[in-house]
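The values are calculated or read from the model by the stated rules, or taken from the named source; none is laboratory data. Quick caveat: nothing in here was measured; it's all calculated off a predicted structure. Counting neighbours? That spans all protein chains shown, and the Cβs are built from the backbone with ideal geometry, glycine included.
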Amino acid sequence: MNILLLGKNGQVGRELQRTLLPLGTVTALGRDALDMEATDTLAATVRAHAPDLIVNAAAWTKVDLAETQPDQAFAVNANAVEILAQIAAEHGSTLVHYSTDYVFDGTKQAAYVEGDQANPLNVYGRSKLAGEQMVEAAGCRFILFRTSWVFSADGANFIKTILRLARERPSLRVVADQFGAPTSAELIADVTALAIAAHHRSQLADGVYHLTARGRTSWYDLACYVVLRAKELGFELQADVSDIQPIATEDYPLPAARPHNSLLASDAIAHRLGLELPDWTVHVDRMLDQLRTREPQS
């Protein structure tokens, strides 16, 4: 299988370079090699590689900046995706694409399922929803994963921000009324590879699938968990768990509105692949262990 991976330097893209290797010949491109906003170049490059499988891990993820730069967000998250989907349809290729919990407004009390009505609160969410619609309209074979609260030992994410702030400050204020399931890029990449293999064997249908770890937490509870575990592992931090103050969303205003409920029900993909997805704490612990090994030892 000839596989073209886009967005190789992102959190998910880095992990996909590992998990896609057993499935075929992988060509991995990052932003330095392919500008997703340059639509003519994008189309020509993808066609030149003639992939059997396109895995698009590239995205505009600057949620707040998207409020003032909507054209850039839509260029990458929607227009470029439309091109990929159209090429996949023309050549009989399969497209794997990633979307987000931000396509929902977060007002549902339970976890969102794939068929729930989308209603994004911000430009980023609208751009990702537009990308989803482009994929479904193109008529190509596709697997589309919605995920949330992504983290890894490499790249920027909430967990690494909390560790940095806990080093620098004696106290922290963290939003406590937004809920989700932190999901590691490692888990996303592992399940993606399994899904591609099942899809190739016609054991997984085209469609939208939710993919997150099990469990539920808030940003505040996640911050407390990270600081507690980091202290146990010997990280040198100024702030302790007792120094973390829970606050409401309105106490930490940001340009882009966030959903209060980001929980996604991943039962469909777990059932179809015969998986028991891990609790979110499993990969958070693993990431902290990895980061600890990189710490200078005193």
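Data for the structure
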{"read-out": "Yes/no for residue 33 being outside any helix (DSSP H, G or I) and over 21 Å from the mean Cα position of the chain (by Cα)", "value": "yes"}
{"read-out": "Number of the condition not met by residue 277 [criteria: (1) assigned to a loop (DSSP other than H, G, I, E, B); (2) closer than 20 Å to residue 161 by Cα; (3) in contact (Cβ under 8 Å) with a residue 60 or more places away in the chain; (4) not polar (S, T, N, Q)]", "value": "(2)"}
{"read-out": "Selected residue [more than 22 Å from residue 268 (Cβ to Cβ), over 20 Å from the mean Cα position of the chain (by Cα) and among the hydrophobic types (A, V, I, L, M, F, W, C)] from 78, 28, 38, 110", "value": "38"}
{"read-out": "Count - residues of segment 231-258 that are part of a helix (DSSP H, G or I), free of Cβ contacts under 8 Å to residues at least 12 places away in the same chain and over 20 Å from residue 169 (Cα atoms)", "value": "1"}
{"read-out": "Segment 240-256 - residue that is touching an Asp or Glu at 6+ places or on another chain (Cβ under 9 Å) and of a type in the set (A, V, I, L, M, F, W, C) and, of those, surrounded by the fewest Cβ atoms within 10 Å (Cβ to Cβ)", "value": "248"}
{"read-out": "Qualifying residue in segment 21-37 (condition: crowded, with 22+ Cβ neighbours inside 10 Å and either modelled with pLDDT under 95 or under 30 Å from residue 258 (Cα atoms) (or both))", "value": "yes"}
{"read-out": "Hits in segment 78-125 - residues which are in contact (Cβ under 8 Å) with a residue 12 or more places away in the chain, within 21 Å of residue 56 (Cα to Cα) and surrounded by fewer than 17 Cβ atoms within 10 Å (Cβ to Cβ)", "value": "91, 92, 114"}
{"read-out": "Pairs, first over 18 Å from residue 26 (Cα atoms) in segment 38-51, second surrounded by fewer than 17 Cβ atoms within 10 Å (Cβ to Cβ), C-beta under 8 Å, six or more apart", "value": "41/35"}
{"read-out": "Residue in segment 186-195 that is touching a residue at least 12 places away in the same chain (Cβ under 8 Å), aliphatic (A, V, I, L, M) and under 15 Å from residue 262 (Cα atoms) present", "value": "no"}
{"read-out": "Residue 43, sole failed condition from (1) crowded, with 19+ Cβ neighbours inside 10 Å; (2) part of a helix (DSSP H, G or I); (3) modelled with pLDDT under 95", "value": "(1)"}
{"read-out": "Qualifying residue in segment 167-175 (condition: part of a loop (DSSP other than H, G, I, E, B) and under 14 Å from the mean Cα position of the chain (by Cα))", "value": "no"}
{"read-out": "Test: residue in segment 51-65 that is touching a strand residue (DSSP E or B) at 6+ places or on another chain (Cβ under 6 Å), crowded, with 16+ Cβ neighbours inside 10 Å and among the aromatic types (Phe, Trp, Tyr)", "value": "no"}
{"read-out": "Selected residue (only one of 106, 92 is on the phi > 0 side of the Ramachandran plot, in contact with a strand residue (DSSP E or B) (Cβ under 6 Å, 6 or more places away or on another chain) and not basic (Lys, Arg))", "value": "106"}
{"read-out": "Residue check, residue 223 under 28 Å from residue 124 (Cβ atoms) and hydrophobic (A, V, I, L, M, F, W, C)", "value": "yes"}
{"read-out": "In segment 259-274, the residues that are under 21 Å from residue 100 (Cα atoms) and outside any helix (DSSP H, G or I)", "value": "259, 260, 261, 262, 263, 264, 265, 266"}
